[in-house]
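Have a look at the structure below, then the notes.
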Amino acid sequence: MFPTSVAIGMDMHPSGVHTPDNIILSVILALFVIMGLNASHLRHIVSTFFADLLSHRSRANIFDVHNTASDTRIILLMLVQTSIFEGILLAGWSSTVATSDMAYASRAGILSAIAAVFNLFSYIASSTVGYVFTTPQNASLWRHTLITSQGILGISLLIPTTVSVLWTDNPAWIYISGISLYILMRMCYIYKGISFFYNNILSSFYFILYLCALEIIPVIVVGRAALLLSVGT
């Protein structure tokens, strides 16, 4: 969800704490509190996610009957959290390369919505591609891997996101770490996709087309949208 280039040595915020930053911190704090109140469910889900991401264990559905209503609610919250953190980091990154009159919180909110649409698009795309080019079981496992990787990404982005809001000097390592975490989770997702799709040369060719059309291009479009939002306001 993050563009693959980062401007170094540029400030996002002027010195001091501003109201938009407090709004974003309140959102982060609210997410942290909600997760803390569901710590037992969260630990179970995160440990299961890590185990599933590193294995090919079959599971019919990420929201299957083995999950309680609380588990399902936490999974959905983790996915929402991922989109919010991506939006906040995109807003910070875009501010390092373009000046904007729009409030930081407003920009982060718009970009979080764009990130949510992108993540929903990824889920629909993986479901469609899996249905067309692999077996129903492999398609289900691949969707599961996408949700798993996105959930872990949201947890992993907590520290970079919080630091990006608090640290007004806006060091480049924050965004480099965010990009690295995104790429790592996406590589896990793609790696498992290769094992599901690799049946012959033709299926591998289709998978490469998928990577270009549904993975690389949309990320570039989202990064471009973040820059246009800053330049155009």
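A short reminder: the numbers here are calculations on the coordinates, not readings from a lab. Predicted model only: the values in this text are computed from it and were never measured. Positions of Cβ are backbone-derived with ideal geometry, glycine not excepted, and every protein chain shown enters the neighbour counts.
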So, by mean Cβ neighbours within 10 angstrom, what's the order for 36-49, 112-125 with the highest one leading?
112-125, 36-49
Potential lengthening between Val117 and Phe205 on full extension [0.36 nm per residue; Cα-Cα distance subtracted]
29.0 nm
